[in-house]
1. When both residues are 6+ apart or on different chains and their Cβ atoms are under 8 Å apart, which pairs have a first residue that lies in the stretch 36-63 and is at pLDDT below 85, and a second that is of a type in the set (Asp, Glu)?
2. Scan the stretch 110-125 and tell me whether some residue there is within 15 Å of Ile157 (Cβ to Cβ), touching a strand residue (DSSP E or B) at 6+ places or on another chain (Cβ under 7 Å) and either of a type in the set (Gly, Ala, Ser) or at pLDDT below 85 (or both).
3. Given the criteria aromatic (Phe, Trp, Tyr) and modelled with pLDDT under 85, does Phe88 qualify?
4. Quick test of your reading of the structure: Ser64 fulfils all but one of (1) out of contact with any Pro (no Cβ under 8 Å at 6 or more places or on another chain); (2) over 30 Å from Gln155 (Cα atoms). Name the failing condition by number.
5. Take residues that are surrounded by fewer than 17 Cβ atoms within 10 Å (Cβ to Cβ) and small (Gly, Ala, Ser) and tell me which of the strands (runs of 3 or more DSSP E) falling wholly in the stretch 28-136 contain 3 or more.
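The values are calculated or read from the model by the stated rules, or taken from the named source; none is laboratory data. This one's a predicted model, so the numbers in the text were calculated from it and none came from an experiment. Cβ coordinates were reconstructed from backbone atoms using ideal geometry, including for glycine residues, and neighbour counts include every protein chain displayed.
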Amino acid sequence: MYLVAKKGFLVVLDIKKQFQHKHLNKLPGLENPTSELMAIHIWEKAIKINPNLYEIKVYESPNSGVKFLGGEKLEIFKKFDAQSAIPFENTYSGFSFDLMFSGLFPLNKEMGWTIDFSIMKEKLKPLIQSLDHQLFTGFSFRKSPDLINLASLNQEILSQARELIPEISG
């Protein structure tokens with residue numbers, strides 16, 4: 001688990017020591033140590049030391065985690081990668097790209113999390129499959145066989161993601 005804080009990084013490093021090599025379920029206030037509840041727990045400790053704290057990020061993996069901005073603002077993020085190709089002058093040009101989806105989700109207080117990453121992954125699976133290891137020929141962003149408008153691609157992917165998970169904001 002990784003912890004990141006902007007405008008208060010040293011505070012979090014000090015607090016992080018309280019969690020290292022510990023059985024998290026046995027720490028007071030963390031009987032259910034989900035990423036969301038850990039972010040809130042750390043925020044509550046860190047904000048007392050640094051009232052200018054901006055956010056706390058808790059990573060479950062290098063590709064997913066939660067950002068807490070205080071109050072009830074929990075932003076979940078999940079990164080996917082894809083490899084694709086476009087036709088280019090009688091050949092193909094391949095490229096790799098990362099897709100980072102995020103959104104504000106309400107905390108399920110009974111479960112201790114917002115949305116399970118496996119549910120997010122499953123809901124986005126059709127979109128990721130339509131991009132990964134596919135030729136970019138059927139997308140509306142295509143202006144011509146040799147030109148990609150990346151801003152339009154980004155908006156189209158985001159629009160399709162929102163159809164699958166309405167809470168996604170970016």
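1. From residues that are at pLDDT below 85, the pairs are Ile49/Asp14.
2. no
3. In short, yes.
4. Here Ser64 clears every test but (2).
5. 91-104
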